[in-house]
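Read through the structure below, which is laid out as C-alpha cells, and then see the notes.
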Amino acid sequence: MAGSTREHADDPHASLGGACPRVGRTVTEYDAVVVGSGPNGLAAAVTLARAGLAVHVVEGAPTPGGGCRTEEITLPGFHHDVCSAAHPLLALSPFFADPAFDGLRSRLVHPDVPFAHPLDGGGAVAAHRSLDATVDALGPDGPAYRRLIGPLADHAAALADGVLAPVRRVPRHPAIMARFGRTGVRSLDGLVRRFEGEAAPALLAGAAAHAVRPLSAPLTAGFALVLTAAAHAVGWPVLAGGSAAVTEALVAELERLGGTLETGRWVQAVDELPRSTAVVLDVAPAALPGLVGDRLPPGYGRRLARFRSGPGVCKVDWALSGPVPWTAEVCRSGGTLHLGGTRAEVAAAEAAVGAGRHPERPFCIVVQPGVADPTRAPDGARTLWAYCHVPYGSDRDMADAVEAQVERFAPGFGDLVLARRTVTAARLGDTNPNEAGGDIGGGANTLAQTLFRPVPAWNPYRTPVDGVYLCSSSTPPGGGVHGMCGVHAARTVLHDRFGGPPPV
Ligand SMILES: Cc1cc2nc3c(=O)[nH]c(=O)nc-3n(C[C@H](O)[C@H](O)[C@H](O)COP(=O)(O)OP(=O)(O)OC[C@H]3O[C@@H](n4cnc5c(N)ncnc54)[C@H](O)[C@@H]3O)c2cc1C
C-alpha cells in the first residue's frame with residue numbers, strides 16, 4: 001500500500017509524502033498519531049509506518065514503553081522490570097516474529113525451567129521446556145497431562161495465531177482451535193478433574209490464575225492451556241537487560257521507518273494533537289470519553305461505561321544479596337514461580353479476590369530474572385519481582401504477605417533482602433493511567449469481555465468518532481506483551497482510511 005501524499009500549501013515539508021518528518025522540524029500533519037507508547041501503541045505505530053504512513057507517537061510519561069520498562073527502583077545497579085517481566089506471549093506473537101525483531105528475540109534468555117510451583121513439605125511441580133521431563137515428574141497423571149498439553153504445544157504457532165486474532169476471524173487452523181476451544185472455554189476447576197494427584201492441578205492452577213479470575217470461571221482453563229503449552233513450545237523467557245529492551249526495539253523500528261516519538265506530553269483531548277487522518281489511542285476505555293468529548297455518541301458511551309475493570313495487583317520488588325534459597329531444587333532454576341500451594345488454596349485465594357477481599361495467603365507470581373540474566377544486579381546479587389492479586393483499587397500494602405509466601409517455600413529469604421519497594425494497586429495508575437486501580441490486564445477477563453472488548457462490536461478497534469481508534473489491551477486479544485491489539489487496530493486504520501485490505 002502506498003503512503004498518503006497530500007498537498008499542503010503552507011507546509012514546507014509538503015513534498016515529503018509518505019516519509020515522516022523528524023521531531024523538532026515544523027510539522028503540520030501526520031497520517032496517524034498514536035497516543036501512548038506501550039507495546040500495543042508502538043506495534044500500531046510500526047504497522048502503520050511499515051505501510052508508508054507518516055506516524056507520530058505521543059507519550060505522557062517521561063520515558064516510552066508503558067508496561068515494558070526497566071528501572072533502578074531499589075538500589076543503584078539493580079535493574080527491575082517495573083511491569084512485565086516474563087515473555088511467553090512475546091515469544092509466541094506473530095508480530096514479534098518479523099525479522100525486524102531478530103535482535104530483540106536474540107535478547108530473550110531462557111531460564112532452565114519456565115515456571116515452577118512449590119508445595120508445602122519441600123516438593124514442587126514444574127513446567128520444564130521438555131514435555132517429556134514434565135510428564136515424567138507428574139507420575140500417574142503424566143499421560144493425561146501429555147494428552148491435554150502435548151498437541152497444543154506441538155502446534156503452538158497455530159494456537160497463538162488463533163488466540164491472538166480478533167474473535168471474528170475464521171480460524172486458519174480449525175483443528176487445533178477446535179481442540180483448544182473445547183477445553184479452553186471451561187473453568188480450571190473443571191479442566192483438572194481428569195487428574196488424580198495434586199501436582200498437575202496445582203501446576204495448571206498457577207498458570208490459570210494469570211487470568212485474575214476465580215478458578216471456577218469459564219476460560220480460566222484457556223489461560224492455563226495457552227501459557228502451559230507456551231512453556232514447552234517457546235519457554236517463558238526474560239529479556240537480557242530487562243523488558244525495556246522491547247520498547248527499545250519497537251522505538252528503533254519505528255524510527256527506522258521514519259516515525260517519530262514525543263514523550264512527557266499527557267494528552268487531555270484529541271483536538272490538541274497535530275492534525276492527522278487517524279488517531280490511534282493506546283488508552284483505557286475510561287479515558288475515551290474525556291479525550292473525544294461530546295463527539296462520543298451517548299449510546300456508545302453507555303456501552304463503554306459497562307466495561308468492567310479486573311482486580312488489581314500489589315507489586316513488590318526486592319534487591320537481594322544472593323539467589324532465593326528455595327527448598328525445592330527445581331525452583332532454583334525456575335524463571336517464574338507460582339506461590340500459593342495446592343490448587344484448592346490457589347482457588348480460594350482467587351475466589352477471595354473475585355469477591356473483593358484480600359486473601360490472608362495471597363497467590364503470588366514471582367520472577368527471578370537472575371537465573372537467566374546475570375546483568376540485572378551487581379556480582380552475586382539478585383533482583384526479585386513479584387505481585388499478588390488484590391481487589392481493584394486496593395491501597396493495602398501486601399509486601400509482608402507476599403514475603404511470607406516466599407519465606408514459606410524459601411526459609412531464610414528475609415536475610416537476603418537489601419531493599420524492597422512496593423506499589424499498591426491504588427498507586428499503579430499514578431505512572432500509567434492504563435493501570436488505574438492496579439488492573440494490569442486491560443479489563444476483567446470474563447468470558448464475554450475476553451472475546452468482545454471494550455464493547456461487543458464486529459470491529460472493536462473502531463470507535464464511533466470519525467478517525468479515532470482504540471489499540472490498548474482493552475481490545476482483543478487483551479493483556480500481555482504481544483503487540484497484537486496494536487497490529488489489529490492499525491490494520492483497521494489502513495483499511496478504513498488508506499485503502500488497505502479488509503482487516504482480519
Ligand atoms: C506489574 C505488571 C506486571 C506485568 N507482567 C507482565 C508479564 O510478565 N508479561 C506480560 O506479557 N505482560 C505483563 N504485564 C501486562 C503488560 O505489561 C500489558 O498487558 C501491556 O503493557 C499492555 O500494553 P498496552 O500498550 O496496551 O498499554 P501500556 O503498556 O499500559 O501502555 C499505555 C501507554 O499509554 C500512555 N498513555 C495513556 N494515556 C495517555 C494519555 N492520555 N496521553 C499520553 N500517553 C498516555 C501510558 O503512559 C503508557 O505508556 C504486566 C503489567 C504490569 C502492570
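The values are calculated or read from the model by the stated rules, or taken from the named source; none is laboratory data. Note that the structure is a prediction, hence the values are computed from the model and not measured. A quick note on method: Cβ atoms are made from the backbone with ideal geometry, for glycine too, and the neighbour counts reach across all protein chains shown. What goes into the accessible areas is simple: the full protein's heavy atoms, side chains included, and nothing from ligands, DNA or RNA. Shrake-Rupley method; radii C 1.70, N 1.55, O 1.52, S 1.80 Å.
With label points built 7 Å along Cα→Cβ from the Cα atoms of Trp266 and Asp430, find their separation and express it in nm.
Calculated label separation equals 1.3 nm.
Taking the chain as the reference, fit the longest principal axis to its C-alpha atoms, fit the long axis of helix 343-354 to the helix C-alpha atoms, and give the angle between the two in degrees, 0 to 90, nearest 10.
It is inclined by approximately 40 degrees.
Could you state, as a whole-number percent, how many of the C-alpha pairs of region 240-389 are farther apart than 20 Å?
Here the tail beyond 20 Å accounts for 69 percent of pairs.
Per residue of region 435-444, in order, report the coupling 6.51 cos²θ - 1.76 cosθ + 1.60 (Karplus, θ = phi - 60°) as ³J(HN,Hα) in whole Hz, putting x for Gly and Pro.
The phi angles translate into 9, 4, x, x, 6, 9, x, x, x, 5 Hz.
Dipole magnitude of region 359-504 about its Cα centre, charges +1 at Lys/Arg Cβ and -1 at Asp/Glu Cβ only, in debye to the nearest 20?
For this selection, approximately 420 debye.
Does anyone have the angle between helix 484-498 and the longest principal axis of the chain? Alpha-carbon axes, 0 to 90°, nearest 10?
Helix 484-498 and the main axis of the chain meet at about 20 degrees.
In Å and from the alpha-carbon atoms only, list the Rg and Dmax of region 370-504.
In order Rg, Dmax, the Cα atoms of region 370-504 give 20.1, 62 Å.
Quick one: Cα convex hull volume of the chain, Å³ per residue?
It comes to 130 Å³ per residue, whole-number rounded.
In whole Å, what are the Cα extents of region 300-368 along the three principal axes, biggest one first?
Taking the Cα atoms of region 300-368, the three principal extents are 52, 27, 18 Å.
Compute the FRET efficiency between Asp379 and Arg408 as 1/(1 + (r/R0)^6), taking r as their Cβ-Cβ distance and R0 = 22 Å, and round to the nearest 0.05.
0.15
With everything on Cα atoms, drop me the angle between helix 39-50 and the longest principal axis of the chain, reported from 0 to 90° to the nearest 10.
40 degrees
Using +1 on the beta carbon of Lys and Arg, -1 on that of Asp and Glu, and nothing else charged, what's the dipole of the chain about the Cα centre, debye to 20?
I would put it at about 1420 debye.
Restricting to Cα pairs below 8 Å that are 6+ residues apart, what does the relative contact order work out to for region 367-504? Please round to a whole percent.
Relative CO of region 367-504 lands at 13 percent.
From Cα coordinates alone, what are the radius of gyration and Dmax values for region 129-190 in angstrom?
13.2, 40
Would you calculate the separation in nanometres between label points at Ala448 and Glu71, each defined as 7 Å from the Cα along the Cα-to-beta-carbon direction?
For the pair Ala448/Glu71, the computed spacing is 3.7 nm.
I need the peptides 490-496, 200-206 ranked by packing, meaning the mean over residues of other C-beta atoms within 10 angstrom, with the highest value on top.
The densest-packed peptide leads the list: 200-206, 490-496.
Given charges of +1 on the Cβ of Lys and Arg and -1 on the Cβ of Asp and Glu, with all other atoms neutral, how large is the dipole of region 147-241 about its Cα centre, in debye to the nearest 20?
I would put it at about 400 debye.
So how far apart, in nm, are the two label points at Arg168 and Asp397 if each is 7 Å from Cα heading toward Cβ?
That separation, rounded to one decimal, is 4.9 nm.
Just need the Rg to Rh number for region 192-315, please, alpha carbons only, Kirkwood Rh.
Using only Cα positions, Rg/Rh for region 192-315 is 1.08.
What Kirkwood hydrodynamic radius, in Å, does region 397-474 give when the mean of 1/r is taken over all pairs of distinct Cα atoms and then inverted?
Every distinct Cα pair counted, the radius reaches 15.8 Å.
If packing is taken as the average count of other Cβ atoms within 10 Å, what order do 294-304, 390-400, 40-50, 137-147 fall into, highest mean first?
The peptides rank, most packed first, as 40-50, 390-400, 137-147, 294-304.
Considering only protein heavy atoms and a 1.4 Å probe, what is the carbon-and-sulfur percentage of the accessible area of the chain?
Carbon-and-sulfur percentage of accessible area, whole number: 53.
For the chain, what is the accessible area per residue in Å² when the probe is 1.4 Å?
37 Å²
Mind jotting down the distance between the C-alpha centroids of region 137-201 and region 259-337, whole Å?
Cα centroid of region 259-337 versus Cα centroid of region 137-201: 28 Å apart.
How large is the Kirkwood hydrodynamic radius of region 351-441, in angstrom, based on all distinct alpha carbon pairs?
14.4 Å
If I take every Cα pair under 8 Å that is 6 or more residues apart in region 198-238, average their sequence separation and divide by the length, what percent do I get for the relative contact order?
Relative contact order comes out at 34 percent.
Can you put Trp385, Trp458, Trp326, Trp266 in order of accessible area, largest first, using a 1.4 Å probe?
From most accessible down to least: Trp458, Trp266, Trp385, Trp326.
Per Stokes-Einstein, at 20 °C and 1.002 mPa s, what whole-number D in µm² s⁻¹ belongs to region 145-249, with the Kirkwood radius over Cα pairs as the hydrodynamic radius?
Value of D from the Cα-based Kirkwood radius: 147 µm²/s.
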